[in-house]
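**Student:** One structure, pasted below without further comment.
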Amino acid sequence: APMIQSELESNSWIYCAVRPYGRIHVLLGKYCNAIAWVFLAAATAVSITSQFVTMVEVGQFWQVAMVLILLGCMTYGALFALMAVLFPNRAMVVAVVYTIVFEGFMGFIPATINQLTVQYRLRSLLVGWMGWTDQLPTEWLLSISGAPPLQDVFILIATTIGLLGISCFFIGYREYITGRHD
């Protein structure tokens, strides 16, 4: 989340911002870097721990988890990049509050609001691809999408593209203070 603030603090923002589309390139480069690091860490963790899962087929679980990790990294990365653009000084605080309140608390409320969360789509894909729909209690079915999995994937990818587009728009036209004036 603090991707813009780190550039402002290191005084490299001035050099990036004067280049044609330099701001957008910095944003997209940091976004890709974040996805790569988080995906590798999560993939390593799932690869190690999936060997100990006994309730499901390990190969199927691993494949589903890898796709969900990639989709989650892309979507959450775009969301946190937008937060970094809009709130450069407090991006980490906004990201933590968003994650706890919106994704954590409201994501499990069986109402329309939970459909706006990223985890709703990821949870729906997990249940659908693992074939757990028939095994869940009926009250839990309210917290997953009844849509086809391809629709949930499309929504996640469209959300990612939309959030990155909004981030690129704002970073291209927003003024950032590069020095402190005491």
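The values are calculated or read from the model by the stated rules, or taken from the named source; none is laboratory data. Predicted model only: the values in this text are computed from it and were never measured. Neighbour counts are summed over all protein chains in view; Cβ atoms, including those assigned to glycine, are modelled from backbone coordinates with ideal geometry. The area values use the complete protein model at the heavy-atom level, side chains included, leaving out ligands, DNA and RNA. Shrake-Rupley method; radii C 1.70, N 1.55, O 1.52, S 1.80 Å.
**Student:** I'm checking my understanding of the structure. Among residues of region 82-135 that are among the polar types (S, T, N, Q) and more than 19 Å from Val67 (Cβ to Cβ), which one is nearest to the chain's Cα centre (by Cα)?
**Tutor:** Thr99
**Student:** Considering only residues that are touching a residue at least 12 places away in the same chain (Cβ under 8 Å), among the β-branched types (Val, Ile, Thr) and surrounded by fewer than 16 Cβ atoms within 10 Å (Cβ to Cβ), which ones fall in region 55-66?
**Tutor:** Val56
**Student:** Another question about this same structure. Do you know which residues across region 158-173 are over 15 Å from Phe80 (Cα atoms) and in contact (Cβ under 8 Å) with a residue 12 or more places away in the chain?
**Tutor:** Correct list: Gly172 only.
**Student:** Further question on the same structure: Report, ordered by the first and then the second residue, all pairs with beta carbons closer than 8 Å, sequence separation of six or more or different chains, a first member in region 130-154 that is over 23 Å from Val58 (Cα atoms), and a second member that is small (Gly, Ala, Ser) and outside any helix (DSSP H, G or I).
**Tutor:** Filtered contacts from region 130-154: Gln151/Ser145; Asp152/Ser145.
**Student:** Right, next: Look through region 111-169, keep the residues that are open to solvent by less than 50 Å² (accessible area, probe 1.4 Å) and hydroxyl-bearing (Ser, Thr, Tyr), and return whichever of them is modelled with the lowest pLDDT.
**Tutor:** So, considering only residues that are open to solvent by less than 50 Å² (accessible area, probe 1.4 Å) and hydroxyl-bearing (Ser, Thr, Tyr), the one modelled with the lowest pLDDT is Ser143.
**Student:** Follow-up question, since we're still on this one. Need the failing condition index for Phe87 against (1) closer than 27 Å to Gly128 by Cβ; (2) in contact with a helix residue (DSSP H, G or I) (Cβ under 6 Å, 6 or more places away or on another chain); (3) without any contact (Cβ under 8 Å) to a residue 24 or more places away in the chain, just the number.
**Tutor:** Unmet condition: (1).
**Student:** Considering every residue within region 99-109, establish whether at least one is open to solvent by less than 30 Å² (accessible area, probe 1.4 Å) and closer than 29 Å to Gly146 by Cβ.
**Tutor:** yes
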